[in-house]
Amino acid sequence: MFNKLVEAPTHIFQTQPASQWIARLLYDVDNINQAATNVLVTAIRETLTAIALLSYLLYLDWKLTLVTLTVGPVIAVLIQSFGKRIRKASKASLESLRAVAHTVEETTAANKVIKIYGGQEQQKDRFFEVTESFRRSMMKEAVPASALTPITHMTASFAIAFIIFMALSRSMGQAGDSAGSFVSFITAMLLLISPIKQLTTISPILQRGLAACESVFGVLDGPVESDAGTAELKNCKGNIKFDNVTFRYPGSDKLALESVSIEVRSGQTVALVGASGGGKSSLAALIPRFYSPDTGSISIDGVDISTLDLANLREHIALVSQDIVLLNDTIRANIAFGQSRNTDDSRIKDAAIAAHAWEFIARLPLGLDTLVGENGASLSGGQRQRIAIARAILKNAPILILDEATSALDTESERVVQEALAGLMNNRTTLVIAHRLSTIERANLIVVMDQGRIVETGDHVTLVRHNGHYANLQRIQT
């Protein structure tokens with residue numbers, strides 16, 4: 001299940017929040033585990049016990065046993081009928097539980113926003129709504145689950161009473177062995193109640209497990225990233241070519257990119273600028289094949305990236321974005337993430353120095369062994385960004401994507417990070433996505449995008465003289 005999470009296509013995470021995956025991994029899998037262990041053991045044990053008792057009853061009086069077996073279909077119909085209701089209610093309760101988990105996740109992530117805007121009561125009301133929905137779902141599941149066992153017992157009791165009446169009628173006037181056989185038959189009949197009780201008791205657990213199976217197997221049978229390519233890049237120079245690329249996000253009718261053609265030469269720095277929603281990040285996301293274009297092609301060093309082995313393609317790409325993701329681990333582990341476990345500390349330190357991160361790491365009591373907290377909560381924005389840059393430096397990939405890498409930083413932090421980025425970009429093919437035009441004036445090529453199309457290309461001086469989209473963006477910012 002976790003392997004499927006790691007291999008899932010990028011677009012899946014835009015429609016399914018993390019809380020849904022957590023709920024499936026924890027609660028759904030646990031329900032399946034209970035159904036596959038406790039239920040299985042009980043079902044096998046009690047079924048064998050019932051078969052043994054029925055065999056003994058057949059030996060004692062096969063005619064009376066056949067009459068006894070007529071209650072079997074009645075009990076089976078009861079279990080099937082109640083089981084459908086229990087499974088339907090179980091699916092609803094699992095969905096409600098995911099909603100509860102999602103609300104908790106959102107509340108913890110947005111705790112500052114909730115407090116500053118006075119949204120505590122609103123979140124409490126929202127949490128009450130989802131927990132109330134969960135309670136109602138559990139009640140709908142509990143009613144048939146609780147009713148199944150007593151109704152089954154009552155049915156079995158009436159059947160046993162009828163069988164005893166018939167047995168007594170047949171044994172009237174008989175003595176000796178017949179009386180002994182009668183007692184044995186009745187005893188075996190009464191012993192048969194226990195396995196029937198156990199089998200009906202596990203039915204709700206089984207139905208919860210089956211409902212969870214539908215959810216889990218829906219994930220396991222879901223799509224994974226396409227990795228049909230077998231070609232590999234060797235001695236990658238970093239020449240990138242977009243040839244008439246058109247792309248729309250899965251489930252969307254609107255084109256994110258339309259007929260985009262651009263060529264980036266090895267070692268060039270190309271800046272993608274334009275209004276929000278213009279297609280800059282969409283274009284960059286196609287290079288590591290987070291998404292695939294609908295039409296057109298993308299090649300690196302003349303090789304179509306769709307023919308490349310996915311792991312090999314991504315070995316040659318490093319990414320630094322404004323949304324820095326750090327693991328709840330040490331600074332060392334975060335810088336060396338994705339590298340060999342035996343990565344030399346000297347290489348990690350060199351990467352940190354090059355990223356201007358060693359300046360603050362050296363002042364920490366534990367240095368590289370300092371825990372950064374959840375997503376780097378113990379670090380400032382600039383420090384987190386520099387660790388991400390150190391990670392990219394250590395990877396030493398020939399292609400670098402910078403997606404708004406300094407947009408959320410203050411002036412001083414941005415200055416330090418820009419110095420680190422300058423070293424990182426040296427001798428690498430770099431795509432820079434930026435809103436602040438002052439950060440990309442030295443780019444070899446500036447590509448202006450608007451509504452998924454390229455509307456202007458050129459260097460800073462040329463575009464300013466052209467007095468078009470780029471010049472207009474610059475006037476707005478100055």
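The values are calculated or read from the model by the stated rules, or taken from the named source; none is laboratory data. Source: prediction; values computed, not measured. As a convention, Cβ positions derive from the backbone with ideal geometry for all residues, glycine included, and neighbour counts pool all protein chains shown.
I'm trying to understand the selection: among the residues of region 234-275, which are of a type in the set (Ser, Thr, Tyr) and touching a residue at least 12 places away in the same chain (Cβ under 8 Å)?
Within region 234-275, the subset of a type in the set (Ser, Thr, Tyr) is 246, 249, 252, 259, 261, 266, 269.
Within region 234-275, 246, 249, 259, 261, 266, 269 qualify.
Which one of the conditions (1) in a helix (DSSP H, G or I); (2) more than 18 Å from residue 402 (Cβ to Cβ); (3) modelled with pLDDT under 90 does residue 382 fail to meet, given that it meets all the rest?
Answer for residue 382: the failing condition is (2).
Can you tell which of 251, 173 is over 30 Å from residue 268 (Cβ atoms), in a loop (DSSP other than H, G, I, E, B), at pLDDT 80 or above and not hydroxyl-bearing (Ser, Thr, Tyr)? It would help to see each step written out before you state the result.
Numbers: 173 fails: at pLDDT 80 or above.
From the options 251, 173, the qualifying one is 251.
Name the one entry in 431, 421, 445, 473 that is farther than 21 Å from residue 288 by Cβ and either in contact with a Lys or Arg (Cβ under 6 Å, 6 or more places away or on another chain) or not β-branched (Val, Ile, Thr) (or both).
473
From the set of residues in region 50-73 that are under 18 Å from residue 158 (Cβ atoms) and hydroxyl-bearing (Ser, Thr, Tyr), which is surrounded by the most Cβ atoms within 10 Å (Cβ to Cβ)?
68
Which condition does residue 281 not pass, out of (1) over 23 Å from the mean Cα position of the chain (by Cα); (2) within 14 Å of residue 431 (Cβ to Cβ), if it passes all the others?
(1)
If I filter region 303-310 for residues that are closer than 26 Å to residue 335 by Cα and in contact (Cβ under 8 Å) with a residue 24 or more places away in the chain, do I get at least one hit?
Yes, that holds for at least one residue.
Looking at 388, 397, which one is in a helix (DSSP H, G or I) and either surrounded by 17 or more Cβ atoms within 10 Å (Cβ to Cβ) or out of contact with any Lys or Arg (no Cβ under 9 Å at 6 or more places or on another chain) (or both)?
So the residue among 388, 397 that is in a helix (DSSP H, G or I) and either surrounded by 17 or more Cβ atoms within 10 Å (Cβ to Cβ) or out of contact with any Lys or Arg (no Cβ under 9 Å at 6 or more places or on another chain) (or both) is 388.
Kindly provide the set of residues from region 422-441 that are basic (Lys, Arg) and either surrounded by 13 or more Cβ atoms within 10 Å (Cβ to Cβ) or not in a loop (DSSP other than H, G, I, E, B) (or both), ordered by number. Can you show your working first?
First, the residues of region 422-441 that are basic (Lys, Arg): 428, 436.
Across region 422-441, the qualifying residue is only 428.
Quick grid of which residues meet (1) in a helix (DSSP H, G or I); (2) modelled with pLDDT under 85; (3) closer than 30 Å to residue 57 by Cβ:
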{"position": "92", "(1), (2), (3)": "yes, no, no"}
{"position": "113", "(1), (2), (3)": "yes, yes, no"}
{"position": "127", "(1), (2), (3)": "yes, no, no"}
{"position": "135", "(1), (2), (3)": "yes, no, no"}
{"position": "139", "(1), (2), (3)": "yes, no, no"}
{"position": "148", "(1), (2), (3)": "yes, yes, yes"}
{"position": "153", "(1), (2), (3)": "yes, yes, yes"}
{"position": "168", "(1), (2), (3)": "yes, yes, yes"}
{"position": "179", "(1), (2), (3)": "yes, yes, yes"}
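Kindly indicate the residue of region 227-244 that is among the polar types (S, T, N, Q) and at pLDDT below 90 and also farthest from the chain's Cα centre (by Cα) among those meeting that condition.
Ranking the candidates gives 235 first.
Tell me the residue from 345, 329, 403, 350 that is acidic (Asp, Glu) and under 21 Å from residue 268 (Cβ atoms), please.
403
Out of curiosity, is residue 448 closer than 14 Å to residue 264 by Cα, in contact (Cβ under 8 Å) with a residue 12 or more places away in the chain and of a type in the set (A, V, I, L, M, F, W, C)?
no
Quick one: would you say residue 226 is of a type outside the set (Val, Ile, Thr), within 30 Å of residue 452 (Cα to Cα) and surrounded by fewer than 12 Cβ atoms within 10 Å (Cβ to Cβ)? Reasoning before the result, please.
Details: of a type outside the set (Val, Ile, Thr): yes; within 30 Å of residue 452 (Cα to Cα): yes; surrounded by fewer than 12 Cβ atoms within 10 Å (Cβ to Cβ): yes.
Yes, satisfied.
Specify which of the listed residues (314, 363, 347) is closer than 30 Å to residue 109 by Cβ, assigned to a helix (DSSP H, G or I) and assigned by TED's automatic domain parsing to the domain that holds residue 423. Break it down into steps so the answer makes sense when it comes.
Numbers: 363 fails: assigned to a helix (DSSP H, G or I); 347 fails: closer than 30 Å to residue 109 by Cβ.
Being closer than 30 Å to residue 109 by Cβ, assigned to a helix (DSSP H, G or I) and assigned by TED's automatic domain parsing to the domain that holds residue 423 holds for just one of 314, 363, 347, which is 314.
Among the numbered conditions (1) modelled with pLDDT under 80; (2) under 18 Å from residue 149 (Cα atoms), tell me where residue 85 comes up short.
Condition (1) is where residue 85 drops out.
Given the conditions (1) of a type in the set (A, V, I, L, M, F, W, C); (2) exposed (fewer than 15 other Cβ atoms within 10 Å of the Cβ); (3) modelled with pLDDT of 85 or more, report the number of the one that residue 109 does not fulfil.
Failed condition: (3).
How many residues does region 258-309 hold that are of a type in the set (Lys, Arg) and not in a loop (DSSP other than H, G, I, E, B)?
Qualifying residue count, region 258-309: 1.
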